[in-house]
Amino acid sequence: MHKNEFVLWFEDIKKKDTVSVGGKAANLGELYSKFPIPDGFCITVKFFDDFLQSTDIKDKILELLKKLDAKKSENVDNISNKIKNLITKQAIPNNLRISILENYMKLGGFVAVRSSAVAEDLKQASFAGQQSSFLNVKGKNLIKYIKKCWASFYNSRAIIYREKNKFSHAPSMAVVIQKMVNAKKSGVIFTVNPVNKNKNEMIIESIFGLGEAIVSGIVTPDHYAIEKKNLKIVKEIINEKKIAILRTNGKNKTIKLDAKKANSKTLNFNELKQLAKEALKIEKHYKKSMDIEWAIDDKLYILQARPITTL
């Protein structure tokens, strides 16, 4: 066990730990022992709070937020940028920095740095996409991207959303550091058809390379509707996937795919079946319809899973 209040590894985290590690990390920890989740750890909410307190940034943030006028986007952007600058320009105290790097050394290599907000994935709210994630981060760049994740808690969009829904602006966000999968293909699974709300059907979407290309909307993924009881493919749409984001020489590169590759199927029948089976197991574990992110390198990995809050 690696337990401490600042850094928790996935093996030490369960769903009930949302308050200290945020929604994303709590779900990863919950699934870690039963599913193919790439290893990683979480920099807790307490760590973020301690960083702000020990560097005297916390009071400055509160002062800035007092001047907030959520109806004026210029005002929000201005305050957001000032707060983000405070966070990204401030050095992390040495003892905290060493703690992060020692844990990172156990993982080594490329990692994904993802924000994990405490209010994420609540039944009454969806914070998806309001905070930042960074892929293929390595070595000394890690600290910089952790601070960028923290800063993204005060993105304009996130500030406005919290104001509108009467959530606190107190720094309740953790950061996930997860071993990076060098994805040959990736995508999402919805264990219910989100368009027609059919619970007997699941939807699998897939592209070549990293899943960022789906999230950012630059590639239209292949689309499969699968009957849950017998894993029969009831609908298949193969779209032209002109590009893929791949790791090349340690950097994320957008690669143009030739016409044959662009129009070919991303997944074979066995891969579809394997994805469908994992998704059904995750749905059964949570007893809820799930939104799942996955990637295939030489084998299948589950990168994230969260209950669907919008049905």
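Mean projection of the Cα convex hull over all viewing directions, computed for region 185-307: 7.6 nm².
Taking the Cα centre of region 7-179 as reference, the dipole from Cβ charges on Lys and Arg (+1) and Asp and Glu (-1) amounts to some 360 debye. In this rough spin-label picture, where each label sits 7 Å from Cα along the Cβ direction, the Ile233-Lys16 distance is 4.3 nm.
Let me know the whole percent of all Cα-Cα pairs from the chain that are separated by more than 30 Å. Above the 30 Å cut-off, the chain has 36 percent of its Cα pairs. For region 34-139, what does the alpha-carbon gyration tensor say about shape, rounded, prolate or oblate, given a ≥ b ≥ c as the root eigenvalues, a/c under 1.5 as rounded, and a/b over b/c as prolate? Judged from the Cα gyration tensor, region 34-139 comes out oblate (a/c at least 1.5, b/c at or above a/b). Round to the nearest 10 and give me the degree value, 0 to 90, for the angle of helix 18-32's Cα axis relative to the longest principal axis of the chain. The answer is roughly 30 degrees.
So, counting K/R as plus one and D/E as minus one, what does the shell of residues with Cβ under 9 Å around Ala225 add up to? Local charge sum for Ala225: -2.
Zone of Lys106 (label point 7 Å along Cα→Cβ, backbone N under 14 Å): which residues in region 26-46? Output list for this probe position: 39-44. With contributions of -39500 (n - 2.57) from each DSSP H run of at least four residues, the per-residue ellipticity at 222 nm computed over the chain stands at -11000 deg cm²/dmol. The share of C-alpha pairs in region 139-248 whose separation exceeds 16 Å stands at 72 percent. Listed peptides 251-259, 18-26 appear in the order 18-26, 251-259 once ranked by packing, highest mean of other Cβ atoms within 10 Å at the front.
Cross-link reach is defined here as a Cα-Cα straight distance under 19 Å, omitting same-chain residues fewer than 8 places apart; for Lys60 the lysines meeting it are Lys46, Lys82, Lys84, Lys89, Lys147, Lys148. Rounded to the nearest 20 debye, the dipole magnitude of the chain is 320 debye, with +1 charges on Lys and Arg beta carbons, -1 on Asp and Glu beta carbons, and the Cα centre as origin. Distance between the C-alpha centers of region 1-76 and region 205-234? Whole Å please. Distance between centres, Cα-based: 30 Å.
So how do 264-270, 218-224 stack up, highest first, on mean other-Cβ count within 10 Å?
Numbers: 264-270: 14.1, 218-224: 19.4.
Result, highest mean first: 218-224, 264-270.
Compared with the dominant Cα axis of the chain, that is its longest principal axis, helix 73-89 is turned about 80°.
For Lys184, the aspartates and glutamates whose Cα comes closer than 18 Å to its Cα, not counting residues fewer than 8 places off in the same chain, are Glu205, Glu212, Asp222, Glu240, Asp258, Glu271, Glu293, Asp297, Asp298.
Rule-based calculations on the coordinates, nothing more; no lab input. Small disclaimer: the values here were computed from a predicted structure and weren't measured. Counting neighbours? That spans all protein chains shown, and the Cβs are built from the backbone with ideal geometry, glycine included.
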